[in-house]
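Structure first, then comments.
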Amino acid sequence: MKKIMITAFLSLMSFSGIALTQSAADTDKIFDQLFGEHKPYADFFAKLQGAFASDDQAMVASLVDYPFQTRIGEKSVKIRDTAHFVANYDEIVTTKVKNAVAKQDYASLFANWQGVMVGNGELWFSGIGEKGNVKIIAINN
């Protein structure tokens, strides 16, 4: 019965013209509305995925807004700078975080006034300081 209800709902949605997925252009429009322009966010996301894919610890560390609060083990820790981040990289950038970044596509990024969410909140990034300066603001490992 549940499967029939879900199928009926999805069919109704497709006939009503309501899109169930958003395109990269839709994401661009959302970012333009929230942040004034999408390009710095699109560029940052591409750089972020590249740094994670190549496991470039120094590059990932350079994308973070410091000081940076995260969890290492069961403790909340303030990461002071890139050296501190790199020294604790494997405990901050866990497999869960790496998978979230790897699986995320630009078109399905979630954004609100606080920033842009990757995965289910494993990583957030946002504009910091001067316009166009985008940084990682949270990693929830």
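What follows is calculated from the coordinates using simple rules that are stated; it is not laboratory data. Remember, it's a predicted structure, so these values are computed and weren't measured experimentally. In this analysis, Cβ positions are derived from the backbone assuming ideal geometry, glycine residues included, and neighbour counts consider all displayed protein chains.
General observations
- Placing +1 on the Cβ of every Lys and Arg and -1 on the Cβ of every Asp and Glu, with nothing else charged, gives the stretch 28-141 a dipole about its Cα centre of roughly 200 debye.
- Reduced Cα scattering model of the stretch 64-105, Debye log10 I(q)/I(0), q = 0.29 Å⁻¹: -1.03
- Positive-end residue of N120, L48, N88, charge dipole of the chain with Cβ unit charges: N120
- Cβ-based net charge around Q69, under 12 Å, with every Lys or Arg adding one and every Asp or Glu removing one: +3
- Inter-site label distance for A83 and Q49 at 7 Å from Cα along Cβ, in nm: 3.4
- Taking each of K103/K135; K39/K131; K29/K135; K47/K78 in turn, the alpha-carbon distance tops 18 angstrom for K103/K135; K29/K135; K47/K78.
- Where chymotrypsin sites (Phe, Trp or Tyr not before Pro) fall in DSSP loop in the stretch 81-141, at most 11 other Cβ within 10 Å: W113
- Lys/Arg +1, Asp/Glu -1 at C-beta; the chain dipole; positive extreme among N140, I30, V101: N140
- Other residues lying with their Cβ under 12 Å from the Cβ of H38 contribute a combined charge of -3, Lys and Arg counting +1, Asp and Glu -1.
- Mean projected area of the Cα convex hull of the stretch 64-141, taken over all directions, amounts to 5.5 nm².
- Computed from Cα atoms, the angle from the helix 24-35 axis to the main principal axis of the chain rounds to 60 degrees.
- Stretchable slack from Q33 to S108, in nm (0.36 nm times residue separation minus alpha-carbon distance): 25.4 nm
- Using only Cα coordinates, the Kirkwood hydrodynamic radius of the chain works out to 16.5 Å.
- Summing charges over neighbours of A107, with a neighbour being any other residue whose Cβ is under 14 Å away from its Cβ, gives -1 when K and R count +1 and D and E count -1.
- Straightening the chain between K131 and Q22 buys 36.7 nm, computed as 0.36 nm per residue apart minus the Cα-Cα spacing.
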